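Notes follow once the structure below has been shown.
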Amino acid sequence: MSSPLLFLAENAGPLTGRGNNTWLLDGAEPTLIDAGIGQPEHVEAIARALEGRPLVRVLVTHGHADHASGVPALRARWPSIDAHKFLLPGEDGWLALSDGQHVRAGDTDLVVLHTPGHAPDHVCFLNATGDIFSGDMIVKGTTIMIPAGRGGSMRDYMASLARLQALAPARVYPGHGPVIDRPLELLAEYIEHRRMREAQVLACLTGGITAAADMLPRIYPDLPDALRPAALATIEAHLEKLRGGD
């Protein structure tokens, strides 16, 4: 089985780093994991790699725009492409993914893992050698926003981290940033980090600070302005978990 080929989605920014990762699994059924945002340079780079062969399918880890909105551009380039996603109530226009499903990608099968938390429709993909395509579950060098009020759930996210940890992946191909060669170490760091943040939120509550906006400067001092909305949403997700919600 050949190694996945990385194609950046050409959408660099404060929350996307140098741009979203999209991973091409070449072979008998060329498959792209995540769709990017439809930048022409991204689509054409994939076309050059395929050397005239069609892209057969795209597997979307979740419906956030930086991962899913490139599907129309891919369909414009390859009209017969199949687009797969874990469907939320009322969604259509996709082929549905389900937990435990096997889906062909390149010359291998991937197993679908429903891993909600960052988004309710988030999935990862596990291959036969124990590698995981992780979307927005973990990223080397930073943490993941859990957008409370927009489908994010800290309780679900912690359960999804534990699920990946139990699988003991050999390598992780993330939706942003470099390949993760020691994922068990990073997963343990992520779980400990979230426990630490929860303890900070509890300390604020104990001290009479109940609003997420008032907790923000205490928990995230000196945070760049561009990252403040993401940090605020994550504090709110911790509050929802502590209050017994999602």
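Can you tell me how many residues in region 93-111 are touching an Asp or Glu at 6+ places or on another chain (Cβ under 6 Å), of a type outside the set (A, V, I, L, M, F, W, C) and in contact (Cβ under 8 Å) with a residue 12 or more places away in the chain?
Count: 2.
Does at least one position in region 183-194 carry a residue that is touching a residue at least 24 places away in the same chain (Cβ under 8 Å) and more than 19 Å from the chain's Cα centre (by Cα)?
no
Looking at the structure I just gave you, is His118 touching a Phe, Trp or Tyr at 6+ places or on another chain (Cβ under 7 Å), surrounded by 22 or more Cβ atoms within 10 Å (Cβ to Cβ) and farther than 14 Å from Leu239 by Cα?
Taking the combined requirement at face value, the residue satisfies it.
Would you mention how many residues in region 113-130 are of a type in the set (A, V, I, L, M, F, W, C) and within 10 Å of the chain's Cα centre (by Cα)? Lay out the reasoning, then the answer.
Keep residues of region 113-130 that are of a type in the set (A, V, I, L, M, F, W, C), which gives 113, 119, 123-126, 128.
Retained after the next criterion (residues that are within 10 Å of the chain's Cα centre (by Cα)): 119, 123-124.
The qualifying residues number 3.
Assuming Leu110 fulfils every condition listed in (1) in a strand (DSSP E or B); (2) under 30 Å from Pro229 (Cα atoms) apart from one, which condition is it?
Result: Leu110 passes all but (2).
Only one of these conditions is not met by His67: (1) assigned to a helix (DSSP H, G or I); (2) without any contact (Cβ under 8 Å) to a residue 60 or more places away in the chain. Which number is it?
Single failed check for His67: (2).
Is one or more of the residues making up region 169-182 out of contact with any Phe, Trp or Tyr (no Cβ under 7 Å at 6 or more places or on another chain) and closer than 23 Å to Leu242 by Cα?
no
Looking at Gly100, Gly117, Gly70 in this structure, which one is of a type outside the set (Phe, Trp, Tyr) and more than 24 Å from Leu164 (Cα to Cα)? Can you show your working first?
On the way: Gly100 fails: more than 24 Å from Leu164 (Cα to Cα); Gly117 fails: more than 24 Å from Leu164 (Cα to Cα).
One residue alone meets the criteria, Gly70.
Which residue, of Asp136, Asp82, is surrounded by 15 or more Cβ atoms within 10 Å (Cβ to Cβ), more than 16 Å from the chain's Cα centre (by Cα) and among the acidic types (Asp, Glu)?
Asp82
Which of the residues belonging to region 125-170 are out of contact with any helix residue (DSSP H, G or I) (no Cβ under 9 Å at 6 or more places or on another chain), of a type in the set (A, V, I, L, M, F, W, C) and not in a loop (DSSP other than H, G, I, E, B)?
Within region 125-170, Phe125, Phe133, Ala159, Ala166, Leu167 meet the criteria.
Name the residue that is surrounded by the most Cβ atoms within 10 Å (Cβ to Cβ), counting only residues in region 51-62 that are in a loop (DSSP other than H, G, I, E, B) and in contact with a strand residue (DSSP E or B) (Cβ under 8 Å, 6 or more places away or on another chain).
In this case the residue turns out to be Thr61.
Return the total of residues in region 1-50 being assigned to a strand (DSSP E or B) and at pLDDT below 95.
2
How many residues are assigned to a helix (DSSP H, G or I) and touching a helix residue (DSSP H, G or I) at 6+ places or on another chain (Cβ under 8 Å) if we restrict to region 173-206?
Going through region 173-206 one residue at a time, the tally reaches 14.
Filter region 27-50 down to residues that are surrounded by 22 or more Cβ atoms within 10 Å (Cβ to Cβ) and not aliphatic (A, V, I, L, M) and give me whichever is nearest to the chain's Cα centre (by Cα).
Asp34
Given the options Arg194, Arg104, name the one that is crowded, with 21+ Cβ neighbours inside 10 Å, at pLDDT 95 or above and basic (Lys, Arg).
Arg194
Looking at (1) free of Cβ contacts under 8 Å to residues at least 60 places away in the same chain; (2) under 23 Å from Leu50 (Cβ atoms); (3) not small (Gly, Ala, Ser), which is the only condition Pro89 fails?
It fails just one condition, (2).
If we scan region 87-98, do we find a residue that is under 20 Å from Pro174 (Cβ atoms), modelled with pLDDT of 95 or more and not in a loop (DSSP other than H, G, I, E, B)?
Within region 87-98 (the criterion being under 20 Å from Pro174 (Cβ atoms), modelled with pLDDT of 95 or more and not in a loop (DSSP other than H, G, I, E, B)), the answer is no, since none of the residues qualifies.
The values are calculated or read from the model by the stated rules, or taken from the named source; none is laboratory data. None of the values given here were measured: they were computed from a predicted structure. As a convention, Cβ positions derive from the backbone with ideal geometry for all residues, glycine included, and neighbour counts pool all protein chains shown.
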